[in-house]
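This report concerns only the one structure given below.
Bear in mind these aren't lab numbers, they're just calculated from the coordinates by the rules spelled out. Every value quoted in this text rests on a predicted model; they were computed, and no experiment measured them. Counting neighbours? That spans all protein chains shown, and the Cβs are built from the backbone with ideal geometry, glycine included.
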Amino acid sequence: MVLGDVPLAHAGMASDIELQKQYYDEGKVFIVQIESTIACLQSCLYCYRGSKPDSPHGLSSEKIIELLQSAAGMGVRMIDWLGGDPLLRWDWEDLCNKATELGMINNIWTSGIPLSDPDVAKRAVAATPGGFISVHLDTLDPELYMCLHESASYSSNVENILTILKGVKNCLKAGKDPGAMVNSIAFTKPLAGNDTNATILYFQEKFGIKTCLTLFNPVINNNSSSDWEPKSAQIKAGFAFRDRINYPDQPSCGSMDVSKYYCGTVVCVSAEGWLLPCSVIRTEEFGNVNDDTLENLVASGTEHGLLYLDFRDESKLPGNCASCTNNCNCFGCRSSAFYYNGDMLAADPKCYQLNPKEGKTAQECTQADDENA
């Protein structure tokens with residue numbers, strides 16, 4: 001395996017980051033995310049999809065194959081398989097093989113639990129050449145894990161930690177390059193500080209695996225406690241530690257878990273068929289693939305902000321993004337802007353580098369709304 005085959009280029013999540021940047025400049029879709037199922041064995045209390053082991057799968061196999069054919073026709077290079085846990089879908093391997101047949105690369109976002117079966121891990125590795133496998137383990141501490149997950153017993157929570165780690169080892173044993181794997185952490189207040197740092201460090205030093213640090217948002221994670229929302233200082237410290245351990249020689253992408261080249265070249269299709277600008281921005285404004293083709297919906301959506309085309313012009317960036325040192329990789333988290341400010345093109349109120357004088361914070365927006373009411 002050569003460096004170009006390894007996807008993670010500062011959370012660019014693409015094996016050919018230069019090609020992804022070209023797609024970004026041209027306003028084209030590089031990655032299509034597909035929620036192939038909502039089912040998941042981890043039952044995270046903060047899950048934006050509310051995934052449970054018995055949750056439905058969603059789109060039919062025929063519809064997903066139609067989406068893959070449309071994506072290939074659009075020149076899409078990668079398919080992100082999302083959930084829930086896509087490895088729980090009965091035909092996940094057939095769908096991955098279809099994407100490969102159409103010339104696209106597969107990325108699998110799994111809880112990691114199914115990978116504890118060596119055969120599943122081997123097949124997942126075989127399905128993702130040039131792509132990555134993401135597992136999801138927030139903490140190595142059983143008590144903290146139990147706090148964040150719904151489970152029948154303490155022992156089953158402990159078992160999940162060991163099961164996910166077994167899955168990681170199975171993938172590496174099957175030949176997956178650690179640079180083509182990632183561990184995803186939902187960054188909550190209970191984990192902020194030493195625990196998140198320890199998990200990031202463990203995956204880097206033990207396996208050579210980097211961390212996708214996803215900021216907890218109580219607006220969309222509505223089954224969990226708002227007390228889990230980390231403070232600005234904790235956010236700054238957490239993402240700075242990630243940068244220091246995972247990307248010491250690369251520019252930061254701030255409090256985002258992926259770069260602007262990822263967010264600006266991706267669209268998502270939900271399990272219900274809604275076209276989304278991001279898997280966590282739940283909106284119906286861009287239409288449904290059950291009513292129209294993916295090609296038509298994307299063409300129409302890009303005229304209304306779907307790929308954030310205006311952000312190619314730095315003068316149109318919100319807040320103080322245009323003068324920020326991170327804007328080579330980052331334009332702020334669009335889901336935070338959407339949920340806190342009601343506008344996915346607004347300044348990111350959770351960015352620790354936001355200048356309130358140039359971009360309103362969430363509190364200032366609330367105060368303004370109250371004054372105008």
Long-range Cα-Cα pairs in the stretch 189-300 (distance over 17 Å), rounded percent: 64 percent
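Set the bar at 31 Å for Cα to Cα. Now go through Lys63/Lys122; Lys21/Lys210; Lys63/Lys169 and name every pair that lies beyond it. Mind dumping the intermediate values first?
On the way: Lys63/Lys122 27 Å; Lys21/Lys210 21 Å; Lys63/Lys169 34 Å.
In this structure, Lys63/Lys169 lie more than 31 Å apart at Cα.
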Any idea how far apart Ser323 and Glu150 come out in nm if each label point goes 7 Å out from Cα toward Cβ? 4.7 nm
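Let me check I've understood the local charge: for Val298, count other residues with C-beta under 13 angstrom from its C-beta, Lys and Arg +1, Asp and Glu -1. What total comes out? Kindly include the intermediate steps, with their values, before the conclusion.
On the way: positive: Lys28; negative: Asp292, Glu295, Glu303.
Overall, the nearby charge balance is -2.
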Once you put a point 7 Å from the Cα of Lys206 and another 7 Å from the Cα of Glu66, both along the Cβ direction, what distance in nm separates them? 4.4 nm
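For an R0 of 25 angstrom, estimate the FRET efficiency from the Cβ-Cβ distance between Arg244 and Glu26 and round to the nearest 0.05.
Numbers: r = 33 Å, r/R0 = 1.33.
Efficiency computed from Cβ-Cβ geometry: 0.15.
With 34 Å as the cut-off, how large is the P(r) tail for the chain, expressed as percent of Cα-Cα pairs?
Working: 14447 of 69378 pairs.
Cα-Cα pairs of the chain separated by over 34 Å account for 21 percent.
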Once you've got the GNM for the chain with C-alpha springs shorter than 10 Å, pick whichever of Gly73, Gly112, Gly301 has the biggest mean-square fluctuation. Gly73
Between Asp313 and Asp292, what is the label-to-label distance in nm when each label sits 7 Å out along the Cα-to-Cβ direction? 2.4 nm
Can you tell me the Rg and the Dmax, both Å, for the Cα atoms in the stretch 51-164? 15.7, 48
For the stretch 3-263, give the magnitude of the charge dipole about the Cα centre (Cβ charges: +1 Lys/Arg, -1 Asp/Glu; no others), in debye to the nearest 20. 340 debye
What FRET efficiency comes out for Thr283 versus Leu102 if R0 is 30 angstrom and r is the Cβ-Cβ distance? Round to the nearest 0.05. 0.60
Can you work out the FRET efficiency for the pair Asn194 and Asp119, with r the C-beta to C-beta distance and R0 = 56 Å, to the nearest 0.05? 0.95
Sorted from fewest to most neighbouring beta carbons within 10 Å, what does the list Leu140, Leu162, Leu67 look like? Leu162, Leu140, Leu67
Could you tell me the center-to-center distance, by alpha carbons, between the stretch 284-356 and the stretch 160-227 in angstrom? 26 Å
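So what's the back-of-envelope 222 nm ellipticity for the chain, counting only DSSP H runs of four-plus at -39500 (n - 2.57) apiece and dividing by all residues, rounded to 500?
Working: 12 runs with 125 residues, N = 373.
-10000 deg cm²/dmol, from helical runs alone.
Taking the Cβ of each residue in Lys63, Lys231 as the centre, tally the other Cβ atoms inside 10 Å and list the residues starting with the fewest.
Numbers: Lys63 15, Lys231 11.
Placing the least packed residue first, the sequence is Lys231, Lys63.
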